[in-house]
Amino acid sequence: MRVEKIFPLKKANGQCWPKMKEAQRSALNRVSAQLRSREYSTVENNCLCRSKANDIVLANYDRFGLPFSFKLCKECSLIRTDPTLDQKSLDSFYKNDFSLMHRGSLTATDEYFKRFLAQGESFLELLKRLDVFDDVRDILEVGCSAGGNLYPLFLAGKNVIGFDYDANYLEYGQKLGMNLVEGDFYQKVSSNSQDLVILSHVLEHFRDPIREICKVIEKIKENKHLLIEVPGVLHIGNSVYTPLNYFQNDHIFHFNKKHLAVFFTTMGLEILHSDDICRFVLKKPESWRPRTDVAINDGSLRGHYISIQDYIFKTLLEDKYFPYRRVKHSVGNFLRGGQEL
Ligand SMILES: [Zn+2]
């Protein structure tokens, strides 16, 4: 079978994994109704390489069964949601639906916080391994949620500040003594003031990642660092197990490591670390200037879309016929006292 023939992927049939809680299902029904009534409206989303109409449509529904299309650009290998919610609808979605639809709860639970705590500890280890950790005093996290990523750094004596729009989730970390602030960071943080900025699972939500990343880089001191993690496409097998669970409408772009390397280099950053999880540690050079009027592409991405589509195909079949990673996760969770098996 030719790989392209499997696309667009079949609708996930609402069989999300892990299973949805009742509160999630209600939020999903509300979003679905708002899309049907056009209360939530959509706009075209062009590729960051600026090429047009050279795409493979990978799916026409997201992991929740919502009608959004996900396109793989043959020019640069980037996947994008197109069309996507317009800014007004996105603002309303994040305010009213996001937490319930994705997390099933309006406030951070201990379990939720612990999951991010483990991630924060892995950030700390990575920074130590790269010999960056001791050099860091002031840390800003954009999109910090309950503060789980920041907490190990806070306990290690670093001066941390986090920003997020969800006041309920911020409250969890505030009670632990961290400086977590509701709203946008840009006006409240001085330029060239941070030794490290963390963007964890945030970049993929930006409608204009080029402009937004420039605003973030502005806040970092020269020769200091930026830690970015996004859900990498080539990590699906280890994270959500099947491409059917990967695509979600509020992820405007779906990155891969090779593409991100071109993206960050074009933005004028030096890459100190990268991996297929799509975790990058970057350095802001001296005399950095914002570059907003650029297309993201270069020769290294030519033909890379083939690796992406082949990986999606392979991962889909692997999970369907030999779901060993999913079974391993469920057994581990069961043994730890969880419900799901
Ligand atoms: Zn492109």
Query raised in the report: Given springs between every Cα pair under 10 Å in a Gaussian network model of the chain, which of ILE79, ILE308, ILE217 has the largest fluctuation?
Result: ILE308
Query raised in the report: Which lysines does LYS88 reach when only Cα atoms under 21 Å apart count, and residues fewer than 8 places away in its own chain are ignored?
Result: LYS215
Query - Net dipole in debye of the chain [+1 Lys, Arg Cβ; -1 Asp, Glu Cβ; about Cα centre; nearest 20] - result: 940 debye
Report task. Enumerate by residue number the trypsin sites (Lys or Arg not before Pro) in region 1-107 meeting two conditions: DSSP loop (anything except H, G, I, E, B), and at most 16 other Cβ atoms within 10 Å of the site's Cβ. Result -> ARG2, LYS10, LYS11, LYS19, LYS21, ARG38, ARG50, LYS52
Query - Reachable aspartates and glutamates, given that their alpha-carbon falls under 13 Å from the alpha-carbon of LYS224 and they are not under 8 places away in the same chain - result: ASP131, ASP134, ASP135, ASP138, ASP195, GLU270, GLU286
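Go through LYS19/LYS71; LYS21/LYS320; LYS11/LYS219; LYS21/LYS71 and tell me which ones have a Cα-Cα distance over 32 Å in this structure.
The answer is LYS11/LYS219.
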Query raised in the report: Hey, if you drop one equal point scatterer on each alpha-carbon of region 110-288 and run the Debye formula without solvent, what base-10 log of I(q)/I(0) do you get at q = 0.17, 0.20 Å⁻¹?
Result: -1.13, -1.59
Report summary line: Mean separation of Cα contacts under 8 Å (at least 6 apart) over the residue count of the chain, i.e. the relative contact order in percent, is 17 percent
Query raised in the report: Per the helix-only calculation at 222 nm, which mean residue ellipticity applies to the chain, given -39500 (n - 2.57) for every DSSP H run of n ≥ 4 and division by its residues, nearest 500 deg cm²/dmol?
Result: -10500 deg cm²/dmol
Query raised in the report: Once Lys and Arg get +1 and Asp and Glu get -1 on their Cβ, which of PRO243, PRO209, PHE264 lies farthest toward the positive end of the dipole of region 110-288?
Result: PHE264
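Check each of the trypsin sites (Lys or Arg not before Pro) in region 199-304 and keep only those in coil by DSSP with at most 14 other C-beta atoms within 10 angstrom; list them in order. Could the numbers behind the result be given before it?
On the way: sites: ARG207, ARG211, LYS215, LYS219, LYS221, LYS224, LYS257, LYS258, ARG279, LYS283, ARG291, ARG302; in loops: ARG207, LYS219, ARG291, ARG302.
Qualifying residues, ordered by number: ARG291, ARG302.
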Report task. Under a cut-off of 14 Å between alpha-carbon atoms, report the aspartates and glutamates in cross-link reach of LYS10, not counting same-chain residues fewer than 8 places apart. Result -> ASP62
Query raised in the report: With θ set to phi - 60° and the Karplus curve 6.51 cos²θ - 1.76 cosθ + 1.60, what are the ³J(HN,Hα) couplings of region 106-118 in order, to the nearest whole Hz, using x for Gly and Pro?
Result: 7, 10, 6, 8, 4, 4, 4, 4, 4, 4, 6, 4, 4
**Report entry** Using θ = phi - 60° and Karplus 6.51 cos²θ - 1.76 cosθ + 1.60, couplings along region 272-278 (whole Hz; Gly, Pro as x)
**Finding:** 9, 7, 8, 8, 6, 4, 6
**Report entry** region 110-288 - charge dipole about Cα centre, Lys and Arg +1 at Cβ, Asp and Glu -1, debye rounded to 20
**Finding:** 260 debye
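None of the figures in this text is laboratory data; all of them are computed from the coordinates on show. The structure displayed is predicted, hence computed values, not measured ones. Positions of Cβ are generated from backbone atoms using ideal geometry, with glycine treated the same way; all protein chains shown enter the neighbour counts.
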